[in-house]
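Data first, discussion second: the structure below is written as structure tokens.
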Amino acid sequence: ILNYYTNQIITINLDPKYDVITNSQKYYKKYQKAKSAVHYISEQISKTKDEIEYFKVLLSQINNCNINDAIEIRDELIENKYLLSSNSKPQKKKRIELLTYIVDDTYISVGKNNIQNEYLTHKFAKPSDYWFHVKDAPGSHVVVHTDTLNENLIRTAALLSANFSSLSQSSSIPVDYTQVRNIKKIPGKRNCFVTYTKQKTIYIDPDKNLIESLQVKK
């Protein structure tokens, strides 16, 4: 028969046990099954990419964590069914502690894992506070608790964002910043992923000596 899509003659094998209509129905069922499979495979590829992105975030956080941060990462993996809990009784949720610096009489908080990031950005920070994050790479959420920034606060928050990120060994690291009110969760994705608008970008070189000299809130 003529293939109207390619304008070529093709041969379609038929099962001699069935009539033409039954053969057509069999091919149609095969087509529908293949069509569903393509949709399913595309969906699985998307989910797998999300999983890879999620574990890249965790790997970056592990490289910058202390023992308490690591315990929270473990708890997150247990909650998401990636690890089995060694304790049969439900554990009470511990108080979330953020690494917080004092700069120009202003608090700057750093979330060092997904639990801390979500708490800091979506619960603890005010809408008028300023949020910092490295551009297009895994990293900590950094919040400056003020509605008015100066150059020193911008550079310090950007420096902290760069230091607690997967780009910490790079130079001229791009860091986006905007007010917390412009941060939104992404529907269908894990809470550690957000989208934001009205951002500005600053480029910063890591300076661990300066970070170590900052005053930490006790």
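Of the accessible area of region 82-218, computed with a 1.4 Å probe over protein heavy atoms only, carbon and sulfur atoms account for 48 percent.
Of the trypsin sites (Lys or Arg not before Pro) in region 34-112, which ones lie in a loop per DSSP and count no more than 13 other C-beta atoms within 10 Å?
Working: sites: LYS35, LYS47, LYS49, LYS56, ARG74, LYS81, LYS92, LYS93, LYS94, ARG95, LYS112; in loops: LYS81, LYS92, LYS93, LYS94, ARG95, LYS112.
Counting only loop positions with at most 13 other Cβ atoms within 10 Å, the trypsin sites (Lys or Arg not before Pro) in region 34-112 are LYS81, LYS92, LYS93, LYS94, ARG95.
For region 11-81, the solvent-accessible area with a 1.4 angstrom probe is 80 square angstrom per residue.
Entry comment: accessible area of region 87-160 is 52 Å² per residue, from protein heavy atoms only and a probe of 1.4 Å. Annotation note: chymotrypsin sites (Phe, Trp or Tyr not before Pro) in region 1-54 located in DSSP loop regions with a Cβ neighbour count of at most 13 within 10 Å are TYR4, TYR5, TYR18. Simple rule: put +1 on each Lys or Arg Cβ and -1 on each Asp or Glu Cβ in the chain, find the dipole, and look at SER60, VAL194, ALA162; the Cα lying farthest toward the positive end is VAL194. Among the listed values [x] 124; [y] 191; [z] 220, the one matching volume of the Cα convex hull per residue in Å³ as calculated from this structure is [z]. The magnitude of the dipole of the chain, with charges of +1 and -1 set on the Cβ of Lys/Arg and Asp/Glu and taken from the Cα centre, is near 1000 debye.
The values are calculated or read from the model by the stated rules, or taken from the named source; none is laboratory data. Bear in mind the structure is a predicted one, so any value in this text is a computation, not a measurement. Quick reminder, even Gly has a Cβ in these numbers, built from the backbone with ideal geometry, and neighbours come from all protein chains shown. Just the protein is used for accessible areas: all its heavy atoms, side chains included, with ligands, DNA and RNA removed. Shrake-Rupley method; radii C 1.70, N 1.55, O 1.52, S 1.80 Å.
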